[in-house]
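Shown next, in structure tokens, is the structure this report addresses.
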């Protein structure tokens, strides 16, 4: 049996255990081929990160132990932007025994192990992915594009926002934030199932935050359409901060649902008060978001604004990438660690959870701290313990009392 076939068989066995832990509605989303694709993408991004490590001269500067800050200084990196993505790379190499990690009073210290660095070509991984499921390739293209500018970013020669969001790369995001993209679409499909199951009102008003290019909205509205519930929506307000994304999202939704009078469109910044942006207190049955709220500058403030605009019994429903283990590095961070809004929260707001992707316990604590109740997860990842530590997507629901 070929190595790829053996790996697929092993992943299928893991998927069988996961299937038993998932509710029936989610099982079609996470089969053996999906989990194998997850593994392949993890390996592809690791190989890209190893290439960044080598091109940035980090092999030489880690021959003596040092903290992330010390290594960044030796390599000539800009500490204002480089520390978080550098530490992520160091974690990746330590997990594969290419770096030694020790901890003392100063924190984690890293040193190159004595073994030579392997020469790992990402191309064969991409080729195996193409044979297994080509719909995942937008993730590969985006990660590879970002990797080309990574060393310049670490040195402070270019901003992360310029790397990710230059006009020439807009097409990459169209392909990435798409329901035709196998990796990203699972966030939207999972969210759509949760909205259908958790709608608190027979005639809901739904506010979507950070709607991007409308793939999540399409997934939700199509799911409700299949169930015959679309005509009952009294309002679906699609909002986005980036004007180009808002225009594209509006075109997509109006083309896909030309006879849905409930559709409304507006700019909205989740870091500002919602009422001043046209959303009245107590006016919404559901506030819906996919991979948006983890970048809130002041998460407590934003969650408080969401609570305020929900009607009593109204529900926040958000699909998020979640950590299962504390400090666990997740593959999407290779890309999104370049964003300043992803790396840090408001420094003068006490009690903030850390920036970026959160643990389920951190989401629950943050929601309850501002007054939400009935915090729930789909799937119920908090009940899994450490059985499926690499599973990192969940929908989080919470209710305004």
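Both radii come from the Cα set of segment 87-149: Rg as radius of gyration, Rh as Kirkwood radius; their ratio Rg/Rh reads 1.11. Temperature 4 °C, viscosity 1.567 mPa s: under these conditions the Stokes-Einstein estimate for segment 258-322, based on its Kirkwood radius over C-alpha pairs, is 102 µm² per second. Taking the C-alpha atoms only, the angle from helix 299-309 to the longest principal axis of the chain is near 10 degrees.
Calculated on the Cα set of the chain, radius of gyration then Dmax: 21.5, 65 Å.
Arranged from highest to lowest average of other beta-carbon atoms within 10 Å per residue, in what order do the peptides 225-238, 325-338 appear?
Numbers: 225-238: 16.4, 325-338: 18.9.
Highest-to-lowest ranking by the protection proxy: 325-338, 225-238.
Ignoring everything except DSSP H segments at least 4 long, calculate the 222 nm mean residue ellipticity for the chain; use -39,500 (n - 2.57) per segment, divide by total residues, nearest 500. Show your work: numbers first, answer last.
Values: 17 runs with 184 residues, N = 401.
About -14000 deg cm²/dmol.
Between residue 269 and residue 96, the modelled labels are 4.1 nm apart [label points 7 Å from Cα along Cα→Cβ]. Relative to the dominant Cα principal axis of the chain, helix 360-369 is inclined by about 50°. Ranked by how many other Cβ atoms sit within 10 Å of their own Cβ, fewest first, the residues 190, 221, 199 fall in the order 199, 190, 221.
So for segment 1-151, what percent of the C-alpha to C-alpha distances run longer than 24 Å?
Numbers: 5113 of 11325 pairs.
Tail of P(r) above 24 Å: 45 percent of Cα pairs.
Note on residue 155 and residue 103: the model spin-label points, each 7 Å out from Cα along the C-beta direction, lie 3.4 nm apart. For the chain, the antiparallel share of DSSP beta bridges with both residues in that region comes to about 45%. With a 10 Å cut-off between alpha carbons and a GNM built on the chain, which of 108, 266, 289 moves the most? Most flexible of the set in this elastic network: 108.
Subtract the Cα-Cα distance of residue 251 and residue 196 from 0.36 nm times their separation in residues, and report this length gain in nm to one decimal. Could you put the intermediate results ahead of the total?
Working: separation 55, 0.36 × 55 = 19.80 nm, distance 2.40 nm.
Contour length minus Cα-Cα distance gives 17.4 nm.
The separation of segment 348-401 from segment 180-254, counted between C-alpha centres, amounts to 21 Å.
Ordered by the number of other Cβ atoms lying within 10 Å of each residue's own Cβ, fewest first, 189, 387, 109 fall into the sequence 387, 109, 189. Note on residue 349/residue 131: beta-carbon distance plugged into 1/(1 + (r/R0)^6) with R0 of 45 Å gives a FRET efficiency of 0.40.
If the label point is 7 Å along Cα→Cβ of residue 80, which residues in segment 135-177 have backbone nitrogen under 15 Å from it? Zone members listed by number: 153-162. When its C-alpha radius of gyration is set against 2.2 N^0.38 Å (N residues), segment 334-375 gives a value of 1.32. With each label modelled as a point 7 angstrom along the Cα→C-beta vector, the residue 27-residue 60 pair spans 5.7 nm.
Below 8 Å between Cα atoms, with a sequence gap of 6+, how large is the relative contact order for the chain in percent? Walk me through the intermediate numbers first.
On the way: 640 pairs, mean separation 55.6, N = 401.
For the chain, the relative contact order is 14 percent.
Peptides 18-25, 292-299 ranked from most to least packed by the mean count of surrounding Cβ atoms within 10 Å: 292-299, 18-25. When the Cα atoms of segment 116-161 are aligned to their principal axes, the ranges along those axes come out at 38, 32, 8 Å in descending order. Could you tell me which of rounded, prolate or oblate describes segment 329-401, using a ≥ b ≥ c as the square roots of the eigenvalues of the alpha-carbon gyration tensor, with rounded for a/c under 1.5 and, failing that, prolate when a/b is larger than b/c and oblate otherwise? In terms of gyration-tensor shape, oblate. Could you state the angle between the C-alpha long axis of helix 137-148 and the longest principal axis of the C-alpha atoms of the chain, as a value from 0 to 90 degrees rounded to the nearest 10? Helix 137-148 sits roughly 50 degrees off the main axis of the chain. Based on Cα contacts under 8 Å between residues 6+ apart, segment 1-130 shows a relative contact order of 24 percent.
Values in this text are rule-based calculations from the coordinates and carry no lab data. As the structure is a computational prediction, the values presented were derived from the model and not from experiment. All Cβ positions, glycine included, derive from the backbone under ideal geometry; neighbour counts span all protein chains shown.
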